[in-house]
Structure formats: structure tokens, C-alpha cells
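The values are calculated or read from the model by the stated rules, or taken from the named source; none is laboratory data. All values reported here derive from a predicted model rather than from experimental measurement. Here the Cβ positions follow ideal geometry from the backbone for every residue, glycine too, while neighbour counts run over all protein chains shown. Side chains included, ligands, DNA and RNA excluded: accessible areas come from the protein's heavy atoms. Shrake-Rupley method; radii C 1.70, N 1.55, O 1.52, S 1.80 Å.
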Amino acid sequence: MTSTTTDSPPDTAAEPHRHPTRWLVLAVICLAQLTVLLDNTVLTVAIPSLTEDLGAATSDIQWMINAYSLVQAGLLLTAGSAADRYGRKKLLAAGLALFGMGSLAAALSQTAGQLIAARAGMGIGGALLMTTTLAVIVQVFDADERPKAIGLWGAVSSLGFAAGPLIGGALLNHYWWGSIFLINLPVALLGLLAVLKWVPESKNPSGDRPDLLGALLSMIGMTGLVFAIISGPGHGWTSQRVLTSGAVGLVTLAFFALWERRCPYPMLDMHFFRNSRFVGAVSGGILVAFGMGGSFFLLGQHLQLVLHYDPLETGLRMTPLALVIVVLNFTGVGARLLPKIGTPGAIVGGMGLLAAGLASIAVLGADGYSGMLLGLVLMGVGIALSMPAMANAIMSAIPPEKAGVGAGVNGTLQECGNGLGVAVLGAVLNSRFAALLPGVAAGAGSLPAALSRAHTDAERTEISDAFASGVQASQLVGAVAVMAGGVLAAVLLWRAERAERAES
């Protein structure tokens with residue numbers, strides 16, 4: 001198949017032709033996406049093995065997990081801009097190759113430092129993949145089919161979340177920890193061959209000069225901000241480490257915004273933020289990711305520390321959330337509803353269901369899993385409805401020739417929202433827990449530490465109830481934040497659509 005260079009998706013009103021192999025291209029894109037997402041979750045089940053075999057300290061384990069997301073978040077905007085300029089197919093292939101090489105290096109690591117470095121290298125490949133997959137979808141699907149394609153792309157994300165711990169657990173029952181990285185190699189190789197054969201080339205033909213200063217500022221700013229978010233729960237939000245990195249990140253991002261406004265060839269056109277559709281989708285995207293990241297963090301603790309399930313039982317009981325998203329997106333329910341209820345309706349309805357799910361878990365899941373199951377299903381329906389609509393709104397508000405930057409913005413929102421969800425809802429949990437602790441456990445920083453100080457069953461019950469109350473309070477805060485975000489995003493999108501109709 002001959003590669004073609006395109007600068008916009010076809011206009012279905014004027015040109016009925018659609019890319020003949022678009023669904024095959026989507027399958028290839030989803031395979032590449034799955035490679036990255038599996039690695040995001042599969043490592044969590046290998047922590048005990050890594051601690052034992054590599055002699056890794058707790059700080060080493062944190063860096064093994066965070067090096068990947070930190071590098072990826074810092075590079076997303078730059079990777080998206082590079083894909084627009086130099087070709088999305090080229091960068092997608094490069095991302096798969098780098099990810100595969102990083103996986104091999106990770107599997108062969110002999111020390112914690114080597115594994116951390118390998119994970120950072122995988123983060124570079126992951127950034128290229130996360131931006132180019134969504135950008136290619138925008139290029140090969142027209143406006144009518146794009147919501148369904150993005151819904152399927154989102155379903156693969158949920159499948160990766162659900163399958164990662166289960167695949168990792170199965171491998172670790174029979175093989176050493178390196179097998180969780182080696183499994184990436186055949187997937188990356190197959191994806192690379194498929195990309196080279198079937199994915200068409202596309203890039204921005206305008207020939208703008210590369211925005212090197214903007215790229216540097218965005219990398220420093222995003223890395224500093226995400227590092228602060230990651231470090232906050234463990235080191236304290238007022239620690240010098242967190243305050244310094246957060247200040248560097250925010251100040252650098254402020255300079256980035258000023259530079260992008262004055263630069264004649266900006267990497268991220270700040271005029272996008274004058275578009276109500278873009279601002280509405282961005283606002284909603286951050287708070288959906290906030291709710292998802294924070295809720296996953298809380299659900300694991302709720303199931304293990306409040307309801308006393310072991311890690312495998314916990315993973316299995318969280319699976320319904322992901323399965324609901326996968327089923328609804330693969331059957332195209334969200335894509336069929338979107339034209340009927342509109343993007344604002346899909347976003348506010350989806351985020352309302354997500355908020356209702358969080359509230360249901362807080363209220364009904366305190367004493368058992370049956371009450372939690374309803375909340376998981378509601379959350380799954382809400383995410384399946386709102387996230388594809390949000391991604392489609394962001395990508396539709398950005399010119400097609402900037403699709404890579406749009407995908408970078410979408411990915412950056414996910415990273416920051418997830419981190420903020422863990423940070424903020426974790427802080428609510430800790431504050432409530434500390435306030436309700438009995439005197440015998442005052443000052444304990446965790447549930448196990450508090451329980452170790454208890455002398456009677458009554459004290460242990462009181463400590464456990466304090467922790468459960470903290471989990472419940474943080475889930476309710478998350479529900480309110482998500483609902484507020486849904487209303488804000490819907491209002492902005494309704495205003496944007498009304499203004500567009502008035503102009504036409």
C-alpha cells in the first residue's frame with residue numbers, strides 16, 4: 001500500500017470517499033495502544049518479586065513505577081508536535097521500536113538502577129505511541145465515524161487496565177519477573193510490522209519551524225509538575241522536594257504559555273483556549289481523569305484494607321468496571337448515543353453516572369462488595385459515555401494538521417488528572433483518618449501502623465472504622481468534583497455549539 005501525506009480528514013459532505021482500510025488501521029493502532037497500557041498496570045503485581053530479587057528499597061520501587069509515567073508525561077506535548085511535523089507513521093513506528101527495546105532492557109536488568117533507566121526509556125516510546133495513535137485515528141476517520149473509532153480506542157484502554165494485573169499474576173505464578181516485560185516484545189514487533197505495512201503517513205504540510213524552546217519549556221514544566229504530584233503523598237505536600245519541583249513546574253509552564261503566545265510557529269497555539277468547545281472538553285477531561293485516578297487508588301484500599309480481600313481477589317472484583325467500558329464501547333453504544341444527545345449531553349450524563357457510582361460505593365459499599373458492584377457498573381457506564389465524547393470534542397476543536405498536539409493535550413490531561421486525583425483524594429483520606437484516630441494510635445501515618453499500636457479488639461475496630469470513614473469521605477469529595485466538572489464542561493460546550501449555530 002502506498003503511503004500518502006494528508007493534512008486533514010476527508011469532508012464527508014463534499015467527498016464521500018473513506019479510507020478503505022481504516023478499520024484495519026484502527027486494529028493496528030489499538031494493538032500499539034494496548035502494548036503501552038498493559039505495561040502501566042502489569043508492574044504493580046510484580047512489586048514483591050522485584051523487592052526480593054533485586055533487593056529494591058521502597059524508594060526504588062516508586063521510581064520503577066514513576067519513571068515511566070514521569071518521562072511520558074513530560075514528553076507528550078513535544079511528541080505530539082514532532083509527530084505533526086515529521087510524520088505520524090514514522091513516530092508511531094519509532095515509538096513501538098523504542099518501547100520494545102526498553103522492554104528487553106527491563107527484562108535483562110540486574111539492578112534496580114538498570115530497571116529504572118529501562119523504564120524511563122520505555123516512557124519515551126510510550127509518549128510517542130500515546131500521541132500518534134489518537135492522531136492517526138483523526139486522520140483516517142471522518143467526523144461521522146470518528147466517535148465510534150475513538151470509543152473502540154478507549155475500550156482498549158480499559159481492556160489494558162483490566163488485563164494487566166491478571167496477565168502479570170499468571171506470568172509470575174510460572175516465570176520470573178522479567179517475563180512481564182518480555183511479553184511486550186512479540187506485541188511490539190507485530191505492531192511495528194503492521195504499522196509499516198498498513199498505516200498511511202500523514203503530517204502537517206505547512207512547514208513551520210520546530211518550536212525548540214517551547215518543547216524544552218513544556219518538558220521541564222510538565223516533568224516538574226508531575227514529579228511534585230507523584231512525590232506529594234510520600235514526602236508531604238509542604239516538603240522542600242515537592243514545593244521546589246512544583247514551583248519549577250508551574251513557573252516554567254507559565255513561561256511556556258507566554259512564549260507560545262509570542263512565538264510565530266507555536267507548538268501549542270494558545271488561541272485554542274479561546275475556543276469554548278476546547279476549554280469545556282479540557283475541563284471535563286481533567287476531572288474525569290481526576291475521578292478515575294482517585295477512585296482506582298481508593299478502590300484498591302477499600303477492597304483490601306476495609307473489606308479484607310487479597311490482591312488477586314481485589315483485582316477480580318475491580319474487573320467489572322473495566323468490562324462494562326469494554327462491552328459498551330465495542331458494541332458502539334456510546335457512539336450511537338452521541339449524535340442523539342449531543343456532546344454536552346453525553347459528557348454531563350457520563351460524568352453524572354461516574355459521580356453517582358463513586359457516591360454509591362461510598363454509601364452502599366461500606367459493608368460489602370454487593371453494594372460496591374452497583375457503583376462499579378455505574379462508573380463503567382459513565383466513563384464509556386463521557387471519555388470518548390471528551391476526546392472527540394478535544395480533537396474536533398483543534399485543526400486536523402495539529403492532531404498530534406491535540407492527542408498530546410489529551411494524554412497530558414490524563415496524566416495530570418490521574419495524579420491530582422490520587423493526591424487530592426488521598427489527602428482527604430489521610431486528613432479524615434487522622435482526625436478520627438483514637439488516642440492510642442494518634443500520629444500513625446497508615447492503617448497498618450495504627451493497628452500495630454492497638455491493644456484491644458475495640459481499639460482495632462475503632463481504627464478500622466476511622467479508615468473506612470476516611471475512604472468514604474474521599475469518595476464523596478471525588479463524586480462532587482466529577483459532577484461539578486461535568487456541569488462546567490457541558491455548559492461551556494453548549495455555549496460553543498450555540499455560538500457556532502448563530503454564526504452559521
Problem - Under 10 Å, Cβ to Cβ, from Leu436 - net charge with Lys/Arg +1 and Asp/Glu -1 - result: -1
Exercise for the section: Using the charge dipole of the chain (Lys, Arg: +1 at Cβ; Asp, Glu: -1 at Cβ; taken about the Cα centre), state which of Met379, Leu128, Trp63 has its Cα farthest towards the positive end. Expected result: Leu128
Problem - Debye, to nearest 20: dipole size of the chain, +1 on Lys, Arg Cβ, -1 on Asp, Glu Cβ - result: 840
Handout entry: Packing-based order for 489-497, 270-278, 370-378, 457-465, using average beta carbon neighbours within 10 Å, highest first
Key = 489-497, 370-378, 270-278, 457-465
Practice task
Assuming R0 = 30 Å, can you tell me the calculated FRET efficiency for the pair Ala170 and Leu24, based on Cβ-Cβ distance, to the nearest 0.05?
Solution key: 0.55
Fill in the blank from the handout: For region 62-200 the mean separation of alpha carbon contacts under 8 Å (6+ apart) over residue count, i.e. relative contact order in percent, is 34
Exercise for the section: Please find the FRET efficiency linking His308 to Thr111, where r is the Cβ-Cβ separation and R0 is fixed at 30 Å, and quote it to the nearest 0.05. Expected result: 0.25
Handout entry: Gain in span if fully extended, Ser179 to Arg336, counting 0.36 nm per residue against the direct Cα distance
Key = 52.5 nm
Practice task
Would you work out which of Ala489, Leu420, Pro448 lies farthest towards the positive end of the dipole of region 403-503? Charges go on Cβ: Lys and Arg +1, Asp and Glu -1.
Solution key: Ala489
Fill in the blank from the handout: Magnitude of the Cβ-charge dipole (Lys and Arg +1, Asp and Glu -1) of region 359-504 about the Cα centre, nearest 20 debye, reported as 200
Exercise for the section: Could you tally the net charge around Val28, taking each other residue with its Cβ under 14 Å from the Cβ of Val28, Lys/Arg +1 and Asp/Glu -1? Expected result: +3
Completion exercise
Mean accessible area per residue over the chain (1.4 angstrom probe, all protein chains present, square angstrom) is 41
Practice task
For a quick protection proxy, order the peptides 380-389, 321-330 by their average other-Cβ count within 10 Å, most packed first.
Solution key: 380-389, 321-330
Completion exercise
Extension length gain for Tyr369 and Asn275 (0.36 nm per residue less Cα distance), in nm, is 29.5 nm
Handout entry: Neighbourhood charge, 12 Å Cβ-Cβ cut-off, centred on Leu152 and excluding it, Lys, Arg +1 and Asp, Glu -1
Key = +2
Problem - Highest average packing first - 188-199, 252-263, Cβ atoms within 10 Å - result: 188-199, 252-263
Practice task
List, largest first, the extents of the alpha carbons of region 337-400 along their principal axes, each in whole Å.
Solution key: 50, 20, 12
Handout entry: Label-point separation in nm, His455 to Leu190, each point 7 Å along Cα→Cβ
Key = 6.1
Fill in the blank from the handout: Distance in nm between Ala435 and Val251 label points, each 7 Å along Cα→Cβ, equals 3.4
Practice task
Show that you can apply the helix-only estimate: for the chain, add -39,500 (n - 2.57) for every DSSP H stretch of four or more residues, divide by all residues, and state [θ] at 222 nm to the nearest 500.
Solution key: -27500 deg cm²/dmol
Practice task
Would you work out which of Ala356, Ala393, Ala170 lies farthest towards the positive end of the dipole of the chain? Charges go on Cβ: Lys and Arg +1, Asp and Glu -1.
Solution key: Ala393
